[in-house]
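Presented below is the structure to which this report refers.
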Amino acid sequence: MRQLKAKWLEMRTPQATKTAIMVIGGAEDKVHGREILRTFFNRTGANDAYITIIPSASREPSIIGERYVRIFKDMGVEKADILDIRERDHCDSSYIKESLEACSGVFLTGGDQLRLCGVLADTRAMDIIRQRVRAGQITLAGTSAGAAVMGHHMIAGGGSGESPNRSLVDMATGLSLIPEIIVDQHFHNRNRMVRLMSALASHPDRIGIGIDEDTCAMFEKDGWLHVMGKGSVTIVDPTEMTHTNESHVGASDPLNLHNLRLHILSHGDRFHLYQRTVLPSVYRIPS
């Protein structure tokens, strides 16, 4: 029976699609193995890749942009552009448009997610990115602030505390690249579990994705999330939540959330965003 179950699970293991959305928890390894960044490089075409880097979230966009250019050049990328978009009207530039239409990958750096959304939301540049992602024409990666913007609802800031409450989290509108999720980054590193649960109390139709540093939740085009990196990806699923007092208590009062489902995933584990199915990383048939 165990052998049959293991074989059945192996048959269900998803095959990697060519393009993906890579949601990175921040502080990804930029020096040693560079596993996450190298995966992005490979998914965009490896030596034939054309990568556009958007450092708009950063306070020093030219410096951070150049750092990623050097990293990808060291890997052997054919072409890497920095799209230094600092104002919304920059998105109408023909150079920006041509780069986004020709590239094989887009990388959103860290910084301030409100700044990033402020310059990209509802622009022609964002329309091009979204259309090409949905068509499976490019791989998109976002780290830290670049990860936070992935959902329709976005955690813009907040704190940590002993119990969930509305005052712990500031919400804003993200870029809707994966509308179903709410992302929190630097997750266990900065004790953000209660912040994510507080966000879900007011948005129980979404699913919470908490991503540790140097860790990536890679969303394949077929709906599978594949975990890679050194930390964990935490899934908080409120689909079967039976009750919350969110609408009846003050902003600093403790929230209750009944019947949440929690998954802690590590390297190689998979989770299906729509089926809510978990697959562990390795199946071993006993000898």
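The values are calculated or read from the model by the stated rules, or taken from the named source; none is laboratory data. Since this is a predicted model, take the numbers as computed values, not measurements. Every residue, glycine among them, receives a Cβ derived from its backbone with ideal geometry; neighbour counts consider all protein chains shown.
For His243, the conditions (1) in contact (Cβ under 8 Å) with a residue 40 or more places away in the chain; (2) more than 13 Å from the chain's Cα centre (by Cα) all hold with the exception of (1). The set of residues from region 177-225 being touching a Gly at 6+ places or on another chain (Cβ under 7 Å) and either polar (S, T, N, Q) or modelled with pLDDT under 95 (or both) comprises Gln185, Thr215, Lys221.
Return the total of residues in region 268-287 being part of a loop (DSSP other than H, G, I, E, B), under 19 Å from Phe219 (Cβ atoms) and in contact with an Asp or Glu (Cβ under 9 Å, 6 or more places away or on another chain).
Number satisfying all stated conditions: 5.
Does Arg59 satisfy being of a type in the set (Lys, Arg) and part of a helix (DSSP H, G or I)?
On the way: of a type in the set (Lys, Arg): yes; part of a helix (DSSP H, G or I): no.
So Arg59 does not fit the description; no.
The one condition from (1) modelled with pLDDT of 95 or more; (2) closer than 21 Å to Ser266 by Cα; (3) in a loop (DSSP other than H, G, I, E, B); (4) not polar (S, T, N, Q) that Ile21 does not meet is (3).
Residues considered: Arg261, Arg270. Of these, the only one that is touching a residue at least 40 places away in the same chain (Cβ under 8 Å), basic (Lys, Arg) and touching a strand residue (DSSP E or B) at 6+ places or on another chain (Cβ under 8 Å) is Arg270. Every condition in (1) touching a Gly at 6+ places or on another chain (Cβ under 7 Å); (2) within 30 Å of Thr242 (Cβ to Cβ) holds for Gly158 except the one numbered (1). Is it true that Leu225 is without any contact (Cβ under 8 Å) to a residue 60 or more places away in the chain, more than 21 Å from Ile36 (Cβ to Cβ), part of a strand (DSSP E or B) and within 26 Å of the chain's Cα centre (by Cα)? Against the criterion (without any contact (Cβ under 8 Å) to a residue 60 or more places away in the chain, more than 21 Å from Ile36 (Cβ to Cβ), part of a strand (DSSP E or B) and within 26 Å of the chain's Cα centre (by Cα)), Leu225 does not qualify. One residue alone among Lys73, Lys79, Lys97 is more than 12 Å from Ala125 (Cα to Cα), without any contact (Cβ under 8 Å) to a residue 60 or more places away in the chain and in contact with a Cys (Cβ under 9 Å, 6 or more places away or on another chain), and that residue is Lys79. Checked against the criterion of being of a type in the set (A, V, I, L, M, F, W, C) and either closer than 20 Å to Arg166 by Cβ or part of a loop (DSSP other than H, G, I, E, B) (or both), the candidates Leu262, Leu255 yield just one match: Leu255.
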